[in-house]
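Report on the following structure.
The values are calculated or read from the model by the stated rules, or taken from the named source; none is laboratory data. In this text, all values refer to a predicted model and were calculated from it rather than measured experimentally. Reconstructed Cβ throughout: ideal geometry from the backbone, glycine too, with neighbour counts over all protein chains shown.
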Amino acid sequence: MPNYFVVENLLTHTEIPKDGSVSTTIHHDEQVKIALLGFSGGQELTKNTLASPAFLEILQGNARVTLDGEEKELSRGAWIYMEANVPHSVYARTEMVMLRTMLLNKDVKISVGKEVKR
């Protein structure tokens, strides 16, 4: 059994519902939980927090993401790092797919650089 897992196209691993949202876990172990979230346009992940640090990446679509009270208009290719317990919400302006990676090992220390501008 190989010690790796390959997903050749993340967008083929979730379906966007006609009206609603869906979460599909693609990997879960003691270190991380990785899920694809699919939203139909107009759907919202209401304000919540996560008990562990997390990365969010928008793979398809456009969204308004609110992080600790600050709104960001984001689209495909946007990447977010959040410390644990940061209040956040996501409003899908269009059909949207987002990858969420939660870091479950509390002993892992993350050092994220400053925002890169081009």
Verdict on VAL86 being more than 22 Å from ASN9 (Cα to Cα), crowded, with 18+ Cβ neighbours inside 10 Å and of a type in the set (A, V, I, L, M): no
Answer yes if at least one residue in segment 5-17 is among the aromatic types (Phe, Trp, Tyr), out of contact with any Leu (no Cβ under 7 Å at 6 or more places or on another chain) and free of Cβ contacts under 8 Å to residues at least 40 places away in the same chain, and no otherwise. yes
Got a sec? Which strands (runs of 3 or more DSSP E) wholly within segment 66-107 have at least 1 residues that are among the acidic types (Asp, Glu) and free of Cβ contacts under 8 Å to residues at least 60 places away in the same chain? 70-75
Out of the residues in segment 51-65 that are assigned to a loop (DSSP other than H, G, I, E, B) and surrounded by 13 or more Cβ atoms within 10 Å (Cβ to Cβ), which is modelled with the highest pLDDT? GLY61
Among the residues that make up segment 30-50, is at least one of them free of Cβ contacts under 8 Å to residues at least 40 places away in the same chain and buried (at least 18 other Cβ atoms within 10 Å of the Cβ)? no
Just to be sure I understand, how many residues within segment 15-53 are within 11 Å of GLU95 (Cβ to Cβ) and among the β-branched types (Val, Ile, Thr)? 1
Every residue from segment 1-18 that is of a type outside the set (Ser, Thr, Tyr) and assigned to a loop (DSSP other than H, G, I, E, B): MET1, PRO2, ASN3, PHE5, VAL6, VAL7, GLU8, ASN9, GLU15, ILE16, PRO17, LYS18
Is there a residue in segment 19-41 that is under 27 Å from ILE110 (Cα atoms), of a type in the set (D, E, K, R), over 13 Å from the mean Cα position of the chain (by Cα) and part of a loop (DSSP other than H, G, I, E, B)? yes
